[in-house]
Amino acid sequence: MKKLKGAIIGSGYFSQYHGDAWTRIPQVEIVAVCDKDEQKAALFSKNFGINKIYTDLETMLDREKPDFLDIVTPPVTHKSIIQSAVSRGIHVICQKPLAETFEEVLEIREILKNADARFMVHENWRFQPWYREIKSLLEQGAVGENRFQYFFKMRTGDGWREDAYLDRQPYFRKMPRLLMHETGVHFVDTFRYLEGEITEVFANLKTLNPNIKGEDAGLIFFRFKSGCTALLDANRYNEPFHENPRFTFGEMAIEGNKGSLELNHKGKITVKPLGRSLEKLPFKPSSNGFSGDSVYHCQKHFIENLFTDSPFETNLDDYLKTLQVVEAIYQSHYEGRKISVSKLDLNQLSKSKSKI
């Protein structure tokens, strides 16, 4: 079996899920890890059986000549790392947020235009198994051919303390745009995956914890090209009424002309056809890895499509549509009005880092 040589940059909290997933993809061999903190890189290499560690990216890329690079570092570093990799013809899979501003994302697109390498955003949310199952159910007409409304309620409860987000991701406290830029973007992309393009948004965002810089709560209304609407009720401050808020990150309901569908916090799916009894599906999500093993499925998609030279679901051109909706949400909040996504003034908003 042919294997692709991979390298990882970043060995912090979330990279552990990446490392675990790569060990379970037989077509991949991770040959090196890079981190400015040599001790963190050494521990990562020990945990995942990686032979070489580096503290300098350029040295790692030149010596190891990997087929692809997995970027799991803060957004401020992404553009320069992507430039270093693709200039050497190395394929890239990169964690989100992709950059600090939309303007910088467009600069990354320019870098990629003439590169002899492929690029995918590590947007693993749509790869959560319940959403793949729900997508299949919707295509089969489980709630009808016309969807009326999506609703998602998220409460993670990791943002109310003075030391919000703890040691896991303490940099969240300093992010000027938090809820939608870092977390809500997942839901925007998932809504697009399930229902199609979003044409209009109206948003109200809040900062509930005075010890953080960005927003940690919001109510966001979406209108789709299909005519369907959605409401995202997201809050990282208050706690949920169950023990594992980081599995599904909340509950979803979808209503259509022939019935309704619900996703609960355990990843269970229930369908209620109009005039008929509840149908509890036998679908059982994986408890491996992160959130239904979505990191594994995302990375597996990357590798399979490298081998077949097929389009990535979250290629940059497609993901720009998700990011444009996120920018529209911020503009809606700042201006207190409904925003048409297609008429968004990106040049004005992309540099904004104002406190909510």
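Just so it is clear, none of the values below were taken in a lab; they were calculated from the coordinates. These numbers come from a predicted model, not from an experiment. Because the Cβ atoms are built from the backbone with ideal geometry, glycine has one as well, and the counts that use them run over all protein chains shown.
Sorted on the mean count of surrounding Cβ atoms within 10 Å across their residues, most packed first, peptides 222-235, 118-131 read 118-131, 222-235. Distant-in-sequence amide contacts of Glu215, defined by a placed amide H-H separation under 5 Å and a gap of 5 or more residues or a different chain, comprise Leu178, Leu179, Ile356. Only one residue of Gly6, Pro75, Ile111 has its Cα farthest out toward the positive end of the dipole of segment 4-117, where Lys and Arg carry +1 and Asp and Glu -1 on Cβ, and that residue is Gly6.
Going by how many other Cβ atoms sit within 10 Å of their own, how do Arg168, Arg109 line up, fewest first?
Arg168, Arg109
Take the Cα of Arg337, step 7 Å toward its Cβ, do the same at Asn257, and the gap between the two points is 3.4 nm.
Dipole check for the chain: with +1 at the C-beta of Lys and Arg, -1 at the C-beta of Asp and Glu, and the Cα centre as origin, the magnitude is about 540 Debye. For segment 51-203, the number of Lys pairs separated by eight or more positions or lying on different chains, with C-alpha atoms closer than 22 Å, is 10. Computed about the Cα centre, the dipole magnitude for segment 4-117 is approximately 300 debye when only Lys and Arg (+1) and Asp and Glu (-1) carry charge, each at its Cβ. For Gln149, the residues 5 or more places off, or on other chains, whose built amide H falls under 5 Å of its own are Thr229, Glu255.
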